[in-house]
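First up is the structure itself, then whatever we jot down about it.
The values are calculated or read from the model by the stated rules, or taken from the named source; none is laboratory data. All figures in this text were calculated on a predicted structure; none of them were measured in a lab. No Cβ is skipped: glycine too gets one built from the backbone with ideal geometry, and neighbour counts run over all protein chains shown. The protein model used for the area step is the full one, side chains on, heavy atoms only, and it has no ligands, DNA or RNA in it. Shrake-Rupley method; radii C 1.70, N 1.55, O 1.52, S 1.80 Å.
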Amino acid sequence: MNDLAPITRDSEICQVLSSLPEKFIVDFANGIDVARDHLRVQRQRTGMGARFYDGFTGQGARRQAEINASLIDGVEGSLIWLGELTESLALSNYAIVKVNERLSVITQNVTTLAHYSANTRQQLQKLSTDLNKRCDQLSQQIDRIDFEQRAERQLEQVFNKWSAGRFNTFSLAGRCYAAMEELRWGVFGDYCRVHDNQIRQGFLGDLANRAISQLTNDARIEAAERSDMTFWLAKPTARTQLPDATDALAYLGDWSNSEVQPFVFSISQLPEQRPLKFPNRCNANRLAPALVSELFSEQYL
Amino acid sequence: MSDMKVGLVLSGGGAKGAYHVGVVKALHEVGAQVDAVAGASIGALNGAILAAAPSLQEGAVRLETLWMDLANTSPLKFNFPAYIQLLAASGLHLAGASVLNEIVQKAQHIAGGAMPAGISNFLGGLNDGALSDTPLQNHINRYLDQDALNSGLPLFISVFKHNHALRDLLRCAVAELGIVDSAASEFIHIQSLPLLEQKEALLASAAIPLLFAPKKINDTLYSDGAQGGWQKMQGNTPITPLLEAGCNMVIVTHLSDGSLWSRHDFPDATILEIRPQSNISREGLVPDVLGFHAEKIPSWIEQGYVDTMHCVGRVMKASKARVELKASEAAVVKSQDTARIDQEMQITMRRIVSLQ
């Protein structure tokens with residue numbers, strides 16, 4: 001008859017023994033054991049004598065009344081508990097509804113946030129792309145400026161070198177040619193190679209002007225003053241002449257063609273028979289641009 | 001809850017009082033508190049030992065010691081029913097050996113000749129002294145220390161106003177037949193009595209008519225409290241004084257199968273009954289009450305323990321479920337207070353929307 005597992009001092013229910021149980025709960029739960037006690041006795045008193053005795057003394061009726069009362073207690077307890085359970089369930093249901101409502105709001109808000117986040121991300125990506133592009137542009141500009149500055153610095157360095165007399169071992173035209181050849185093989189030449197004609201012409205114009213200016217300084221004549229080509233090709237005096245200066249110029253200009261680059265050819269190779277296109281008389285204004293044109297034409301860069 | 005006041009009713013039933021040992025032991029193990037005790041007959045004696053004990057645990061130990069001593073007493077040394085021995089050791093004087101002899105003879109017949117041979121001859125020379133000098137007496141004297149009892153749990157006992165032994169028994173028989181109920185038992189608060197009368201009152205509650213002489217309390221003779229209000233076991237199940245003392249939870253023990261005591265007579269009280277979930281009777285009414293077979297005592301102790309665990313466990317499981325339901329409801333209600341956070345979310349979302 002004992003349908004409950006025995007409890008021990010470690011059982012969880014011992015934790016609530018210190019609180020007063022509600023009466024209807026005690027009547028409800030305990031009534032089962034009361035009714036069971038009476039039922040057990042009732043079942044054992046089925047003999048003729050016992051039935052007569054219980055009927056005569058009224059104990060049978062009283063026992064049945066006790067069983068009935070316990071059952072009523074049980075039903076009442078069930079009703080109370082069921083009512084409270086139902087109320088509790090209703091409360092739980094309303095709570096679930098409220099949770100669902102809040103969940104819907106939260107879902108909506110999360111969706112809004114997700115859109116906001118995605119939009120922000122897109123904007124950030126666009127900003128990043130724009131910034132990268134701008135940075136690239138700036139970087140290119142910086143590179144270009146740096147390139148230009150290095151080209152200008154080389155131009156400056158070469159003409160400083162010329163004005164300092166470093167090329168004095170060459171003839172007047174040879175100095176101009178040597179300076180331009182150094183520029184052509186250096187950063188200045190690279191700069192002219194990678195830039196379009198418009199930018200290149202600006203630089204080459206500067207180069208021609210500075211060469212004219214330096215030539216006139218070295219020759220101590222006016223830029224427009226024409227002189228015989230022997231003047232321009234005349235070797236310097238023995239004091240400043242290096243033994244292999246003529247060979248060096250010849251080596252530098254061995255690529256030239258008397259027809260296509262008559263100035264370069266004539267100045268570097270010093271042929272006895274000068275090309276037909278090479279003038280007999282020339283001024284600085286003619287010599288310098290002619291060399292620029294032959295050395296820095298797009299074709300030979 | 002701190003305002004819980006628990007009363008324990010230990011009903012009468014002679015040697016079946018061993019059942020109380022298991023009850024008290026189980027109540028201690030499930031962590032129950034007991035704030036007042038009421039007892040009838042053997043329930044009064046057990047209740048007194050419990051009330052005088054410093055704790056429920058110690059009370060359980062003392063009761064078990066006493067009853068196991070009784071169970072282990074050699075039947076060759078004392079050929080007396082265990083309950084008679086216990087009462088005699090407690091100080092009750094036999095009313096007359098001849099009466100006991102007659103009772104034992106009848107009981108022997110009912111028990112199917114289970115009593116040792118020659119007991120009738122022994123009973124012929126019986127006197128009170130033969131029953132008083134037992135080791136049980138030492139236990140009882142120690143456990144029923146009057147100072148401890150007076151500073152212990154409130155103890156109420158039921159006593160029945162003595163008229164005449166045979167007449168009292170006859171009235172019980174008439175009540176048993178459902179003709180006229182016996183007069184109600186009276187309830188006495190032991191600690192309110194003068195010291196000298198306290199033990200007399202305890203013994204009066206257990207003084208089985210004919211076997212033991214009634215006791216005089218406040219110039220009135222009283223005997224076994226179980227006799228009063230026979231039909232509804234009013235005297236044998238003294239719950240009323242505990243309710244009057246303010247107990248809001250009463251644990252009631254029964255020492256008979258299918259006791260007709262009714263919890264429904266106390267509609268306002270919260271009552272937890274510990275009823276036998278299997279037959280408590282072993283050999284029949286008289287042998288069980290008088291304790292002809294002391295070896296049955298451990299089985300009653302065990303049954304009291306198991307039944308208490310069962311009955312209390314069932315109530316406490318239901319109660320725990322209720323407590324958890326209420327707690328979860330409160331938690332649900334509390335968790336619904338989200339107005340502030342919801343408002344904060346709305347404000348934040350409005351800001352976000354305005355930024356888009």
Selection of trypsin sites (Lys or Arg not before Pro), segment A:128-209, meeting DSSP coil and at most 11 other Cβ within 10 Å: none
Alpha-carbon centroids, segment A:13-92 and segment B:272-317: separation in whole Å: 19 Å
Simple label model, 7 Å out from Cα along Cβ direction - A:E225 to A:R153, nm: 3.7 nm
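Take every DSSP beta bridge with both residues inside the protein assembly as shown and express the antiparallel ones as a percent of the total, to the nearest 5.
On the way: 13 of 30 bridges.
Antiparallel bridges make up about 45 percent of those DSSP assigns within the protein assembly as shown.
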Distance between modelled label sites at A:Q125 and A:L89, nm, 7 Å Cα→Cβ extension: 5.2 nm
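Report the convex hull volume per residue for chain A, counting only C-alpha atoms, in Å³. Intermediate values should be presented prior to the final figure.
Working: hull volume 103.2 nm³, N = 301.
Residue-normalised Cα hull volume stands at 343 Å³.
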Stretch gain in nm, segment A:I80-A:T46, where the contour uses 0.36 nm per residue and the Cα spacing is subtracted: 8.7 nm
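Over segment A:12-143, what is the relative contact order in whole percent, taking alpha-carbon pairs under 8 Å and six or more residues apart? Mind dumping the intermediate values first?
Details: 40 pairs, mean separation 35.2, N = 132.
Once normalised by length, the contact order is 27 percent.
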Sparse-neighbour loop sites [trypsin sites (Lys or Arg not before Pro); segment A:233-293; at most 11 other C-beta within 10 Å; DSSP]: A:R239
Pairwise centroid distance, computed over Cα atoms, of segment B:179-203 with segment B:4-20, Å: 16 Å
In nm, spacing of pseudo-spin labels at B:M68 and B:S299 (7 Å Cα→C-beta vector): 2.0 nm
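Would you mind getting me the FRET efficiency between A:T57 and A:V110? Use the beta-carbon distance for r and R0 = 60 Å, nearest 0.05.
On the way: r = 77 Å, r/R0 = 1.28.
The calculated FRET efficiency here is 0.20.
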The protein assembly as shown: mean projected area of Cα convex hull, nm²: 60.2 nm²
Sites A:V99 and B:R351 - FRET efficiency at Förster radius 30 Å, r taken between beta-carbons, to 0.05: 0.75
Calculated Rg and Dmax of segment A:155-279 using C-alpha coordinates, Å: 14.5, 43
Expected 222 nm ellipticity per residue - DSSP helices of 4 or more, -39500 (n - 2.57), all of chain A, to 500: -25000 deg cm²/dmol
Farthest positive-ward along chain A dipole, Cα basis, beta-carbon charges - from A:L20, A:T216, A:F159: A:T216
Nearest 10 degrees, 0 to 90: helix A:23-44 Cα axis against chain A principal axis: 50 degrees
Rounded tilt (10° steps) of A:197-219 against the dominant C-alpha axis of chain A: 40 degrees
Net dipole in debye of chain A [+1 Lys, Arg Cβ; -1 Asp, Glu Cβ; about Cα centre; nearest 20]: 320 debye
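Near B:K296, within a Cβ-to-Cβ distance under 10 Å, what is the net charge of the other residues, with Lys and Arg +1 and Asp and Glu -1?
Its environment carries a net charge of -1.
Over all directions, how big on average is the projection of the convex hull of the alpha-carbon atoms in segment A:12-143, in square nanometres? Numbers along the way, then the final one.
Numbers: hull surface 69.9 nm².
If I average the Cα hull's projected area over directions, I get 17.5 nm².
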Per-residue SASA entry for A:R274, accessible area with 1.4 Å probe, Å² rounded to 10: 80 Å²
